[in-house]
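Inspection log for the structure reproduced underneath, given as structure tokens.
The values are calculated or read from the model by the stated rules, or taken from the named source; none is laboratory data. The structure presented is a predicted model; accordingly, all values stated were derived computationally and were not measured. Cβ sites come from the backbone with ideal geometry, for glycine too, and all protein chains shown count toward neighbours. Remember, those area values only see protein heavy atoms, side chains included, never the ligands or the DNA or RNA. Shrake-Rupley method; radii C 1.70, N 1.55, O 1.52, S 1.80 Å.
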Amino acid sequence: MNKSVNSSQSTFFAGKVVLVTGAAHGIGKGICEAFLKHGATVIGTDILEKELLEVDKEIGGIERKAAFYTYSCDLTDESNIKELIEYVINYFNRIDVLVNNAGGVCGQVHQPVEEVSAEAWRKIFSVNLDAAFYTTKAAAPYMKRQNYGRIINISSGAGRSTSLTGIQAYASAKAGQIGFTRQMAQELGAFGITVNNVAPGFVLSNPSTQKQWEAMSHEKQQSLVESISVKRLGEPEDIAYPVLFFASDFASYISGQTISADGGLQLF
Ligand SMILES: NC(=O)c1ccc[n+]([C@@H]2O[C@H](COP(=O)([O-])OP(=O)(O)OC[C@H]3O[C@@H](n4cnc5c(N)ncnc54)[C@H](O)[C@@H]3O)[C@@H](O)[C@H]2O)c1
């Protein structure tokens with residue numbers, strides 16, 4: 001466990017304890033930064049201990065208002081998650097916002113379905129869906145006790161339609177996560193807890209997406225950008241802002257919903 005502090009440009013989330021999974025780079029890091037800028041106490045967790053400490057150095061340590069803590073663990077192991085939530089409660093006595101962001105394609109690429117192993121399928125499910133179930137299960141009793149909670153799951157356009165990667169398990173796990181979001185919204189709403197989902201579009205925030213982008217011809221890259229209504233790829237902060245909205249009291253009457261943060265790529 002490591003702690004540092006960050007400059008706070010606003011106190012919008014002052015007093016709120018926010019747990020963000022998958023915080024070691026990319027979108028998770030962007031979400032941590034955005035909450036810190038608005039005064040929250042943020043716990044960033046990831047399996048990548050070294051990278052998490054780099055994030056801590058980069059986004060912590062500027063001023064003395066909001067605080068950033070890191071906690072390294074493998075989120076596919078339920079016992080680790082129980083310990084993580086216990087750590088948050090023991091330390092901060094509450095958990096206001098849970099952002100289930102850890103996920104991705106686990107270094108996999110498309111294979112014809114008949115060649116996909118059960119192990120590869122399960123690996124993607126375990127980080128993209130099981131982990132969100134474990135964290136929600138562990139955090140729900142404390143959020144119920146507070147009669148307050150905001151859970152935000154990060155899915156993907158792949159979960160609303162199909163994946164550009166062609167990876168079957170990824171599209172399926174992300175679609176499952178959207179279903180989980182709706183079911184949890186219904187179950188937990190009576191306890192002052194909302195559960196919502198942000199579905200990012202194409203963000204060059206991780207090695208897999210970067211590789212996917214570089215493997216495209218210039219024409220294909222242009223045609224992808226052209227298909228996005230706002231004519232640009234996403235940045236981590238484009239995903240962080242709808243997360244902040246769902247976490248705020250402006251969204252207290254919204255639950256079970258999915259926002260596509262994709263610049264108008266998929267239009268429903
Ligand atoms: N980048 C995109 O274009 C894009 C598009 C749609 C959805 N998403 C989703 O957004 C989320 C963040 O994506 P990103 O682009 O920042 O990817 P990323 O790979 O940079 O971040 C995911 C983080 O999750 C962590 N993680 C993976 N397995 C873990 C485990 N078992 N335990 C703990 N941590 C683990 C990784 O170490 C990594 O830091 C993911 O859920 C991804 O599926 C990304």
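Here the simple spin-label model places points 7 Å from the Cα toward Cβ, and for Ile254 and Gln210 these points are separated by 3.2 nm.
Helix 131-146 and the longest principal axis of the C-alpha atoms of the chain enclose an angle of approximately 30°.
Taking all protein chains as they are arranged and a probe of 1.4 Å, the heavy atoms of His110 leave approximately 100 Å² accessible to solvent. Compute the angle between helix 49-59 and the longest alpha-carbon principal axis of the chain, please, reported from 0 to 90 degrees and rounded to the nearest 10. Long axis of 49-59 versus the principal axis of the chain: about 70 degrees.
For the options Val203, Val20, Val97, a Gaussian network treatment of the chain with springs between C-alpha atoms closer than 10 Å singles out Val203 as fluctuating the most. Geometric descriptor of the chain, per residue, is 126 Å³ (volume of the convex hull of the Cα atoms).
For the chain, the longest principal axis of the alpha carbon atoms and the long axis of helix 26-37 meet at an angle near 30°. With the gyration tensor restricted to C-alpha atoms of the stretch 1-156, the semi-axes of the equivalent ellipsoid amount to 28, 18, 13 Å, longest first. Applied to the stretch 169-176, the Karplus parametrisation 6.51 cos²θ - 1.76 cosθ + 1.60 on θ = phi - 60° returns per-residue 3J(HN,Hα) values of 5, 5, 4, 6, 5, 5, 5, x Hz, with x for Gly and Pro. Of the solvent-accessible surface of the stretch 85-243, computed with a 1.4 Å probe and all protein chains present, 52% belongs to carbon and sulfur.
In this structure, the amide hydrogen of Leu98, modeled 1.01 Å from its nitrogen in the peptide plane, lies closer than 5 angstrom to those of Leu19, Arg150, Ile151, Ile152, counting only residues at least 5 positions away or on a different chain.
For the chain, a Gaussian network of Cα nodes joined below 10 Å ranks Ser205, Ser155, Ser227 by mean-square fluctuation, and the top entry is Ser227.
The 3J(HN,Hα) values that the Karplus relation (6.51, -1.76, 1.60; θ = phi - 60°) gives for the stretch 261-268 are, in residue order, 9, 9, x, x, 6, 9, 10, 9 Hz. Gly and Pro appear as x. Put simply, the amide H of Ala261, placed in the peptide plane, has neighbours under 5 Å in Ala199, Gly201, leaving out anything fewer than 5 places away on its chain.
Can you check what the net charge comes to around Leu98, using other residues whose Cβ is under 12 Å from the Cβ of Leu98 (Lys, Arg +1; Asp, Glu -1)? Local net charge: +3. Computed from backbone phi with θ = phi - 60° and the Karplus coefficients 6.51, -1.76 and 1.60, the 3J(HN,Hα) list for the stretch 78-89 is 4, 5, 4, 5, 4, 5, 4, 5, 4, 4, 4, 5 Hz; x is used for glycine and proline.
Compared with the rule-of-thumb size 2.2 N^0.38 Å for a compact globular protein, the stretch 168-264 has a Cα radius of gyration ratio of 1.27. Rounded to the nearest 500, the helix-only mean residue ellipticity at 222 nm of the chain stands at -13500 deg cm²/dmol, with each DSSP H run of n ≥ 4 adding -39,500 (n - 2.57).
Protection proxy ranking for 111-119, 146-154, 38-46, using the average of other Cβ atoms within 10 Å per residue and placing the highest first: 38-46, 146-154, 111-119.
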